[in-house]
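In what follows, a structure is listed as structure tokens, so that the remarks can point back to it.
Please treat every number below as a calculation from the coordinates, not as lab data. Here the structure is a predicted model, which is why all the values come from computation and not from measurement. Glycine also receives a Cβ, built like all others from the backbone with ideal geometry; neighbour counts cover every protein chain displayed.
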Amino acid sequence: MEDEIRALADTFAGLSHPVRLRMLYLMLRHRELCVCDFVEALGITQSMASRHLRYLFHLGLLRDRRDTVWVHYRISDRLDPRRRAVLRSLRSWLVAPELTRLEERLRGWQARKPCPCTSKKETAK
């Protein structure tokens, strides 16, 4: 029981940062995104994006895929039922004009980005 409480507390701690919530908003709308997508959409440095994505990765919320120098992230397909329920409820909470602008920034960036990871993008259903 104590391990379950700790895991739940760690999950909510991971969700307590605005950058990570913005990242999850984008992740819930796309099957997979490259670190460079977060840098451009959120207007943050590569090191900050990587640090927050690794935090979510270590919580078990994200999985990664490396393609040469590019690292792509997606929502983990190995989520336990509780974490899956938390992310499902986030979908209804993460609705705000600011988040819509993030999506627009991401789309604009993906339309013009020069890196070879462009063809890897798929929009979630």
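Near CYS34, the amide H atoms lying under 5 Å from its own belong to TYR73; only residues 5 or more places off or on other chains count, and H is placed 1.01 Å from N.
Over all Cα atoms in the chain, the spread is summed up by Rg and Dmax: 14.3, 49 Å. With θ taken as phi - 60° and the Karplus curve 6.51 cos²θ - 1.76 cosθ + 1.60 applied, the whole-hertz 3J(HN,Hα) list for the stretch 73-83 is 10, 8, 5, 5, 8, 10, 5, 6, x, 5, 5 Hz, x standing for glycine and proline. Each of ALA85, LEU8, HIS72 was placed along the dipole of the chain (beta-carbon charges, centred on the mean Cα), and the one lying farthest toward the positive end is HIS72.
Residues within the reach of a label modelled at SER47 (point 7 angstrom out along Cα to beta-carbon, backbone nitrogen below 20 Å), restricted to the stretch 76-117: there are none. Judged by the mean number of other Cβ atoms found within 10 Å, the most tightly packed of the peptides 82-89, 93-100, 37-44 leads the ranking 37-44, 82-89, 93-100. For the stretch 1-121, relative contact order (Cα pairs under 8 Å, six or more residues apart, normalised by length) works out to 30 percent. Couplings 3J(HN,Hα) of the stretch 19-31, computed from phi: 5, 5, 5, 5, 4, 5, 4, 5, 5, 6, 9, 9, 5 Hz, in residue order, whole Hz [Karplus 6.51 cos²θ - 1.76 cosθ + 1.60, θ = phi - 60°; x for Gly and Pro]. Phi angles across the stretch 91-103 convert, under the Karplus curve 6.51 cos²θ - 1.76 cosθ + 1.60 with θ = phi - 60°, into 3J(HN,Hα) values of 3, 7, 7, 8, 9, 7, x, 4, 6, 4, 5, 4, 4 Hz, Gly and Pro given as x.
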